[in-house]
Amino acid sequence: MRITVVTAFPQFFRSFLDTSIVGRAVERGLLNVSVVDLREYGEGDYRQIDDYSFGGNGGMVIMAEPLSRALEDLDGPSFVVYPSPQGVTMTQEMVESLSTKDHLVIVCGHYEGVDERFVQSKVDMELSIGDYVLTGGELPAMVVIDSVSRLIPGVVGKGRAVVEDSFYRGMLDNPHFTRPAEWRGMEVPPVLLSGNDSEIDLWRRREAVVRTLDRRADLLCRASLRNYLEVGYYVMWFPPDELDPWTLRTISLSCSSYGVSRLLIPVQDGEVREGFRSLISDLGLDASVKLFPSAQKASQWVLKKEKKQPFSIAIGKGQGEENISWLEVKREILSNSRPPMFVFGENVASEGDVTMRPVAGDDRDRSALPVQNAVSVVLDRFFGWR
Ligand code: ADE
């Protein structure tokens, strides 16, 4: 991957590009970084690159012309990034997308910033590294280079960064420990010394959940719960009396795609239930769908299987306050460690331990989503890849 930094302060980058993981990536040719001195494109004998801001408070702004000439001197197509506090806030997903570019150009602003006409005409992405103001774009440029370079295959282990980042996305990292096993009276959690890989893995996930809930619950919208639950998860669907095979097949397919342990279908009427049973069998869905005479019987079955009372989440309109958002539900699922059971169907609001706001539709239900679509959307929010 090629990165070009355009800056009025090239000296900032010297030791950065020689040191540690980035330094090794550069040395091994995995990353090719050039630093362009903006002053070389300055105007006049003094190589002027900035001027007073029009209508401003006397601050200096970097001129559009030197910046543009510096870019025009580069060969081939490139993706131009301009770090600024006004940019979109950088996330790991943005870093992933930047790491796929062949040639990334980072333009460092200074003083009051750069002429907006340059930004409008030459910049592909204006990005901020956080809600605080730095004196220039050099440190953010280093942040971009560091975060992007660790995703280049071969820079950190065997693609470990990429796999781990996507696995743990939306969750904070677990704590880490090294030798000695006891330091100043404080011991390393014994499980880490046990050599039991699956126990260690479980411990890491639990710690990640506890930390995320405690410190950054806002990240949860980006997390798939799939790797963090120690119990199965279920969908309960109250079907209409006339069961349409296509709807059943679609819901069942969604459930298996998202790793649902079982689709539970309560049907009170024995005769109707038998009809459904043969349909399920004709469709080859016996392994993923289970029929019950009532919702209560289905819950008891889950309780027996998981040794924990299911946590039922009705998707529909509750009475005012009872109606909670899906993020709250996500938080609750992680905190209570009961097997979640998402309940769909007509008038199921009173069936759940909680009622989750419906996926879409206005107050008069004019635009209610077909149930098979609602199932997919809900499952994706909780268990989809991120
Ligand atoms: N330049 C100055 N402050 C910045 C920030 N927070 N992010 C990116 N670039 C900046």
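For the pair Ser257 and Trp385, how long in nm is the line joining their label points, each one 7 Å along Cα→Cβ?
1.2 nm
Rounded to the nearest 5, what is the percent of antiparallel bridges among the DSSP beta bridges in the range 1-156?
So the antiparallel bridges amount to about 20 percent of the total.
Just how many pairs of Lys in the chain have C-alpha atoms closer than 20 Å, counting pairs that are eight or more places apart or on different chains?
Total qualifying Lys-Lys pairs in the chain comes to 10.
Tell me, Kirkwood radius of the range 234-383 from alpha-carbon pair distances, in Å?
15.6 Å
Which peptide among 104-113, 186-195, 7-16, 374-383 comes first, and what is the full order, when sorted by highest mean count of other Cβ atoms within 10 Å?
Top to bottom by mean Cβ count within 10 Å: 104-113, 374-383, 7-16, 186-195.
Restricting to the chain, what percent of DSSP beta bridges are antiparallel, rounded to 5?
About 15 percent, rounded to the nearest 5.
Could you tell me whether the range 116-227 comes out rounded, prolate or oblate from its Cα gyration tensor? Rule is a ≥ b ≥ c as square roots of the eigenvalues, rounded for a/c under 1.5, then prolate if a/b exceeds b/c, otherwise oblate.
Because a/c hits 1.5 or more and a/b exceeds b/c, the range 116-227 counts as prolate.
Above 18 Å lies some portion of the pair distances; for the range 169-223, what is it as a whole percent of all C-alpha pairs?
Tail of the P(r) past 18 Å holds 42 percent of the pairs.
Relative contact order, percent, of the range 58-157 when contacts are C-alpha pairs under 8 Å separated by at least 6 residues?
RCO, the range 58-157: 39 percent.
Given R₀ = 35 Å, what would the calculated FRET efficiency be for Asn57 paired with Leu30, taking r from the Cβ atoms and rounding to 0.05?
E between Asn57 and Leu30, to the nearest 0.05, is 0.20.
According to the square roots a ≥ b ≥ c of the eigenvalues of the Cα gyration tensor, what is the shape class of the range 1-106, taking rounded for a/c under 1.5, prolate for a/b larger than b/c otherwise, and oblate for the remainder?
Prolate, since a/c reaches 1.5 and a/b exceeds b/c.
Non-local amide H neighbours of Ile106 (under 5 Å, H modeled in plane, Pro and chain starts lacking H): which ones?
Thr4, Val5, Val6, Val81
Can you work out the Karplus-derived ³J(HN,Hα) for every residue in the range 17-30? Use 6.51 cos²θ - 1.76 cosθ + 1.60 with θ = phi - 60°, whole Hz, and x for glycine or proline.
Values per residue, Gly and Pro as x: 7, 9, 10, 6, 5, 4, x, 5, 4, 5, 4, 7, x, 6 Hz.
May I ask you to evaluate 6.51 cos²θ - 1.76 cosθ + 1.60, the Karplus curve with θ = phi - 60°, for each residue of the range 282-287 and list the ³J(HN,Hα) values in order in whole Hz, giving x for glycine and proline?
Rounded to whole hertz, the list is 4, 7, x, 9, 4, 6.
List the residues, sorted by chain then number, that are 5 or more residues from Glu126 or on another chain and whose placed amide H is less than 5 Å from its amide H.
It is Tyr82, Val88, by chain and number.
Would you kindly state how much longer the chain becomes between Lys307 and Leu74 on full extension, computed as 0.36 nm times their sequence separation minus their alpha carbon distance, in nm to one decimal?
This chain segment gains 77.5 nm when fully extended.
Given bins 10 angstrom wide, list per bin the percent of all Cα-Cα distances in the chain, short to long.
P(r) for the chain, in whole percents per bin: 4, 18, 21, 18, 17, 14, 7, 2, 0, 0.
Return the calculated 222 nm mean residue ellipticity for the chain, to the nearest 500 deg cm²/dmol, obtained by summing -39500 (n - 2.57) across DSSP H runs with n ≥ 4 and dividing by the residue count.
About -10500 deg cm²/dmol.
Subtract the Cα-Cα distance of Leu283 and Ile152 from 0.36 nm times their separation in residues, and report this length gain in nm to one decimal.
That works out to 42.6 nm of additional length.
Every number here is computed from the coordinates shown, using simple stated rules; none is lab data. This one's a predicted model, so the numbers in the text were calculated from it and none came from an experiment. So basically every Cβ, Gly included, is an ideal-geometry build from the backbone, and we count neighbours across all protein chains shown.
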